[in-house]
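Below are the structure tokens for one structure; questions will follow.
The values are calculated or read from the model by the stated rules, or taken from the named source; none is laboratory data. Quantities reported herein were computed from a predicted structural model and do not represent experimental measurements. All Cβ positions, glycine included, derive from the backbone under ideal geometry; neighbour counts span all protein chains shown.
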Amino acid sequence: MEQLLGTIPTNNLRHCGINPNHWYAVARTQEVTERPLSVVLWGDNIVLFRDRTSQIQALEDRCPHRQVKLSSGKQIDGELECAYHGWRFNGEGICTAVPYLQTTQKLPSCRIQRYPVREQDGLIWLFPGEIKQLKEQALPPLSIPEWEHLNYIATVAVIEYQGHFSYLAENLMDMYHGHLHENYQAWASASLQQLQVDEGRVDAYYEAQSYYRIDKIWSISQLFLPGLRRLHPEPLNVSYVYPHWVSTLGEDFKIYCLFCPVSITQTRAYLIHFTSLNAFWRLHKLPVPFRRWLKNRLYGSAQRLLNGLVQQDVLMMEQEQQAYENNPHQSNYELNLAVLRVQKLILQQAADSVGCDRQ
Ligand code: FES
Ligand SMILES: [Fe+2]
């Protein structure tokens, strides 16, 4: 393992942009109904709604008539109706009706931006980049096969903090911060063993101690009963697959963090934790409806743990942002090469997207 001790130049990093030529997680699937929902992705105001066939549509959240938010209006017959004067827009962003149009007048030819959007694995994914890139090069949204798989129990937490998204990417790749979560007994004694950098991703392999072993069905109760936990060694792998993150702890746990950078100083992300039931081969022989019932019944088992971890991380990341704003030229000391590689990837992705124009 390469040894490194030194300072890192953070002043570019903390105001660097996103590479928009990727899919971002902008909402949870149940948040988008027929009522328009306003979301913000890297400064773009976007309105999401379901049309008559329940398909998600994503439009610029701006009425071209007087620039008010279309999300203040409502969905009628699969189209968005502006609250102010009732102009209507279809899912293509084309104006289809003006209630007071005179017979001598034509519909205005105004059109608002439409975004590619997909509903997948419990999330709404949006592509804010160039349509040409989407067609030719962009990877699909990150796949989360455990979301539907009957052997995995999900818990979801939303991370929201006032700070640049790079702080969260670093936090998630630096497993030495288990120190912060000691009282939640998430993991212990991490030691970075190997680091791999490939196109668009950084993979870090740690050795660590886990408190949890899910080998009996009742052992899921370890998630909320600390007295049942025993430390034992497990591999802890974390990957920053730009712009998202995925991790496995031993055989029993998998966590995803799906990013929605809101602005240069605000970040939202969806943390999805899965507990595996793969060890219970008898369970897999039971009827599918029962297994689905069990999956739904155990949904959220790790909620307290996840919420607690998020709260502790948010406190630290907001302090980092504040410290940066107070003194942008103050350097950090960094001992974890995984963090430096992640910073380099974030800067590289931002540089790759320079000159990018939506079409
Ligand atoms: S501002 Fe939207 S219809 Fe007038
Ligand atoms: Fe953490």
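Determine which member of the set Arg52, Arg62 is assigned to a loop (DSSP other than H, G, I, E, B), charged (D, E, K, R) and surrounded by fewer than 15 Cβ atoms within 10 Å (Cβ to Cβ). Step through it out loud before you land on a result.
Values: Arg62 fails: surrounded by fewer than 15 Cβ atoms within 10 Å (Cβ to Cβ).
Matching residue, one of Arg52, Arg62: Arg52.
Name the residue that is surrounded by the most Cβ atoms within 10 Å (Cβ to Cβ), counting only residues in segment 65-93 that are within 12 Å of ligand 1 (Cβ to nearest atom) and of a type in the set (S, T, N, Q).
Of everything passing the filter in segment 65-93, Ser71 is surrounded by the most Cβ atoms within 10 Å (Cβ to Cβ).
Need the failing condition index for Thr96 against (1) out of contact with any Ser or Thr (no Cβ under 9 Å at 6 or more places or on another chain); (2) surrounded by 21 or more Cβ atoms within 10 Å (Cβ to Cβ), just the number.
(2)
Moving to a separate point now. Restricting to helices (runs of 4 or more DSSP H) lying wholly in segment 265-356: which have 2 or more residues that are in contact with a His (Cβ under 8 Å, 6 or more places away or on another chain) and either closer than 23 Å to Leu249 by Cβ or aromatic (Phe, Trp, Tyr) (or both)?
Numbers: elements: 288-298, 303-326, 337-352.
It comes to 303-326.
Kindly indicate whether any position in segment 109-126 is hydroxyl-bearing (Ser, Thr, Tyr), at pLDDT below 95 and part of a loop (DSSP other than H, G, I, E, B).
Going residue by residue through segment 109-126, those that are hydroxyl-bearing (Ser, Thr, Tyr) are 109, 115.
From what's left, at pLDDT below 95: 109.
So of that shortlist, the ones also part of a loop (DSSP other than H, G, I, E, B) come out as 109.
Checked against the condition, which is being hydroxyl-bearing (Ser, Thr, Tyr), at pLDDT below 95 and part of a loop (DSSP other than H, G, I, E, B), segment 109-126 yields at least one hit.
While we're looking at this one, here's another question. Could you check Gly73 against (1) touching a strand residue (DSSP E or B) at 6+ places or on another chain (Cβ under 9 Å); (2) within 22 Å of Leu271 (Cα to Cα) and say which number it fails?
(2)
Against the conditions (1) more than 16 Å from ligand 2 (Cβ to nearest atom); (2) at pLDDT below 90; (3) surrounded by fewer than 22 Cβ atoms within 10 Å (Cβ to Cβ), where does Tyr211 fall short? Just the number, please.
Only one criterion is unmet by Tyr211, namely (1).
Filter segment 130-182 for residues that are among the hydroxyl-bearing types (Ser, Thr, Tyr) and under 17 Å from Tyr256 (Cβ atoms); which is nearest to ligand 1 (Cβ to nearest atom)? Steps first, please.
Step one: list which residues in segment 130-182 are among the hydroxyl-bearing types (Ser, Thr, Tyr), which gives 143, 152, 155, 161, 166-167, 176.
Then drop every residue that is not under 17 Å from Tyr256 (Cβ atoms), which leaves 143, 152, 155.
Values: Ser143: 38, Tyr152: 45, Thr155: 41 Å.
Only one residue fits best here, namely Ser143.
Still on this structure, I have one more. Of everything in segment 180-217 that's outside any strand (DSSP E or B) and touching a strand residue (DSSP E or B) at 6+ places or on another chain (Cβ under 9 Å), which residue is farthest from Glu234 (Cα to Cα)?
Looking only at segment 180-217, we keep the residues that are outside any strand (DSSP E or B), and these are 180-186, 199-200, 211-217.
Now restrict to residues that are touching a strand residue (DSSP E or B) at 6+ places or on another chain (Cβ under 9 Å): 181-182, 186, 200, 211-214.
On the way: His181: 17, Glu182: 17, Ala186: 12, Gly200: 26, Tyr211: 9, Tyr212: 10, Arg213: 10, Ile214: 13 Å.
Across segment 180-217, the extreme among qualifying residues is Gly200.
Looking only at residues in segment 20-67 that are touching a Cys at 6+ places or on another chain (Cβ under 7 Å) and among the aliphatic types (A, V, I, L, M), which one is nearest to ligand 2 (Cβ to nearest atom)?
Ala25
Return the residues of segment 303-324 that are over 26 Å from Ala188 (Cα atoms) and without any contact (Cβ under 8 Å) to a residue 40 or more places away in the chain; say none if nothing qualifies.
Gln322, Ala323
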